[in-house]
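Beneath this line is the structure, given in structure tokens, with notes to follow.
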Amino acid sequence: MAPRIIQNTCPGWRHEAPKTHAPDDATKHPKHTHHSPMKTLYAARYLLDDSQPTAAWIENGHLAVDDAKILGVFGPEAPQQPEFNDFTRVDLGNVAVVPGLVNAHSHAFQRGIRGKTEYLVPGREAEDFWTWRQAMYAAALGYEADKVQQVSKLAFMEMALSGISTVGEFHYLHHQPDGQPYADPNELANRVIAAAKEVGIRIALLRVGYNRAGFGRAAEDEQRRFVEDDVDTYLARLGDLRTRWQDDPLVTVGLAPHSIRAVPENWLRAMGEYAAAEDLALHIHACEQRREIDESLAEYGRAPIAALAEMGLLSERLSIVHGTHLADAEYDLLADARPSIVACPTTERNLGDGFLPAKKLVERGVPICLGSDSHTNIDLWEEMRLVEYHERLRYEKRNVLASAKTPRTADVLWPMGAQNGARALRIPAGTFAPGNHADFVAVDLEHITLLGSDADSLLPNMILSMTPGAVRDVFVGGEKIVEGGRLTRLPSRGKTI
Ligand SMILES: [Zn+2]
């Protein structure tokens, strides 16, 4: 049975009907009428109350927003309370409202190679990874600044339409195609940020440090757009980037040594110290493929997690992207230091990396968050469900991540899609805690994949079965950037993209 459609007769409510058939021409030009620079009380059929360890729905709930920040979640009686007298009332209708999803790991330009790597090269059949790597480098070497911005915009548009309100962009494409820095060495980082701002999505630009091909190996020619000569140059450019965007409420900047392979020890230590001193996010690729473990053993005599711990980098500030291949001794290090693990299961399945050991990580209380990484798919709902489903295939069991303490699988997966990603990016978002950014998503309860849901089955259905087309509205900092399944600032489809 379909959930009951809310009938709100309170005078003064503006009903927000879905505009699923609005022609794209109507939204071709950026408009600024969607921003409500005032206090607003949003009504929804279901509103997620995530103030407890296990989230629950408030039926006919109200979300109070003061311009760009969350004030709190309230029950059906909120409209009668005097404290909301001067609030604008917006009835979102028959929707479920949840915090916006946080995509903690993206390489936006890789959206440009989607579908172009799915074949073997005759004569190189043993190198299954080859076509992907060659296509990625061809894109990375060939894209001029305009193309980088255009492809990034495409990735961010798809993110917004699927309910992602924040992206962590792991940005390593720095220089001109010939390897020379642009007049502004942060030109391409600025272009990627500009693409996010065109769409209206929040961005944490994780500026990547890249210096070499590997232990004892200088950078290769095809890495010329990524590399910088020394860590002081890197840190100076990072400082310039921070200054450039310091007053923009949608933009933050963090640090990202590309991997243990791509920077030497003095870079890792200097970047870790800078991040700690300035209280910034620190992200690194680690333990994605087995060869990388062998290189770390050769250079440091330790596997990557142990090497990072020895250098003082392993802390709650650090995010380890992938964490697919972990040695037994490394789980205890992770449990003690509680860095974030950023899993990217749709990319890991596409590249054949392996399965995230999610059960062992969850049992030890290590926070897992998610990224769409190479953008074969941009669907954080799918990333959430794969964390569980890959473990079901490994263990040949159901509800692997659930436990006596948290018996419902969806309650384990939901924080991975939102609050854990915000933690990894060090952004106040991902929950409806007062003071957080007003980033939230309204999901259409009349969408075909959700019909029949009730309060008990709704969250499991959203995470395990819903398709992104059910996402109706997306708000970032209180501004509606998706309305009725369409972007408000740009056309959502067609040749004009
Ligand atoms: Zn990556």
Yes or no: ALA438 closer than 18 Å to GLY163 by Cβ, small (Gly, Ala, Ser) and touching a Phe, Trp or Tyr at 6+ places or on another chain (Cβ under 9 Å)?
-> yes
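Every residue in region 219-243 that is in a helix (DSSP H, G or I) and open to solvent by 10 Å² or more (accessible area, probe 1.4 Å), please.
First pass over region 219-243, keeping only residues in a helix (DSSP H, G or I): 221-223, 231-243.
Once the filter is applied, which keeps residues that are in a helix (DSSP H, G or I) and open to solvent by 10 Å² or more (accessible area, probe 1.4 Å), region 219-243 yields ASP221, GLU222, VAL231, ASP232, THR233, LEU235, ALA236, ARG237, GLY239, ASP240, ARG242, THR243.
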Sort out for me the strands (runs of 3 or more DSSP E) sitting completely within region 115-218 that have 2 or more residues that are under 30 Å from VAL474 (Cβ atoms) and not assigned by TED's automatic domain parsing to the domain that holds ASN436.
-> 164-171, 202-209
Leading residue by the ranking (farthest from the ligand (Cβ to nearest atom)) among those in region 355-383 that are of a type in the set (Gly, Ala, Ser) and free of Cβ contacts under 8 Å to residues at least 60 places away in the same chain = GLY365
Find all pairs meeting these conditions: Cβ atoms under 9 angstrom apart; at least six residues apart or on different chains; first residue within region 408-431 and under 11 Å from SER319 (Cα atoms); second residue among the hydroxyl-bearing types (Ser, Thr, Tyr) and open to solvent by 30 Å² or more (accessible area, probe 1.4 Å).
-> LEU425/THR252; ARG426/THR252
Taking region 335-351 as the search range and keeping residues that are surrounded by fewer than 22 Cβ atoms within 10 Å (Cβ to Cβ) and away from the ligand (no atom under 15 Å from the Cβ), which one is nearest to GLY168 (Cα to Cα)?
-> ARG338
What are the residues in region 375-408 that are in a helix (DSSP H, G or I), open to solvent by 10 Å² or more (accessible area, probe 1.4 Å) and in contact with a helix residue (DSSP H, G or I) (Cβ under 9 Å, 6 or more places away or on another chain), if any?
-> GLU382, ARG385, LEU386, TYR389, HIS390, ARG394, TYR395
Would you pick out the residues in region 153-190 that are buried (at least 20 other Cβ atoms within 10 Å of the Cβ) and farther than 29 Å from ASN377 by Cβ?
-> ASN186
Among residues belonging to region 288-299 that are of a type outside the set (D, E, K, R) and farther than 18 Å from GLY209 by Cα, point out the one that is nearest to the ligand (Cβ to nearest atom).
-> GLN289
Of (1) among the charged types (D, E, K, R); (2) outside any helix (DSSP H, G or I); (3) within 16 Å of the ligand (Cβ to nearest atom), ARG302 satisfies every one except (3)
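ASP456 - would you say it is open to solvent by 10 Å² or more (accessible area, probe 1.4 Å) and under 12 Å from the mean Cα position of the chain (by Cα)? Step through it out loud before you land on a result.
Numbers: open to solvent by 10 Å² or more (accessible area, probe 1.4 Å): yes; under 12 Å from the mean Cα position of the chain (by Cα): no.
In short, no.
Name the single residue that is nearest to the ligand (Cβ to nearest atom) among those in region 314-334 being over 19 Å from ARG423 (Cβ atoms) and open to solvent by 40 Å² or more (accessible area, probe 1.4 Å).
Of all residues in region 314-334, those over 19 Å from ARG423 (Cβ atoms) come to 324-332.
With the extra rule that they be open to solvent by 40 Å² or more (accessible area, probe 1.4 Å), the set shrinks to 327-329, 332.
Details: ALA327: 21, ASP328: 25, ALA329: 25, ASP332: 26 Å.
The selected residue is ALA327.
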Please work out if ILE284 is on the phi < 0 side of the Ramachandran plot, in a helix (DSSP H, G or I) and hydrophobic (A, V, I, L, M, F, W, C).
-> no
Return only the number of the condition from (1) open to solvent by less than 10 Å² (accessible area, probe 1.4 Å); (2) β-branched (Val, Ile, Thr); (3) away from the ligand (no atom under 16 Å from the Cβ) that VAL253 does not satisfy.
-> (1)
Looking at region 432-447, is at least one residue in contact with a strand residue (DSSP E or B) (Cβ under 9 Å, 6 or more places away or on another chain), closer than 19 Å to ASP49 by Cβ and part of a helix (DSSP H, G or I)?
-> no
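The values are calculated or read from the model by the stated rules, or taken from the named source; none is laboratory data. Since the model is a prediction, treat every value here as computed from it, not as a measurement. Cβ sites come from the backbone with ideal geometry, for glycine too, and all protein chains shown count toward neighbours. Just the protein is used for accessible areas: all its heavy atoms, side chains included, with ligands, DNA and RNA removed. Shrake-Rupley method; radii C 1.70, N 1.55, O 1.52, S 1.80 Å.
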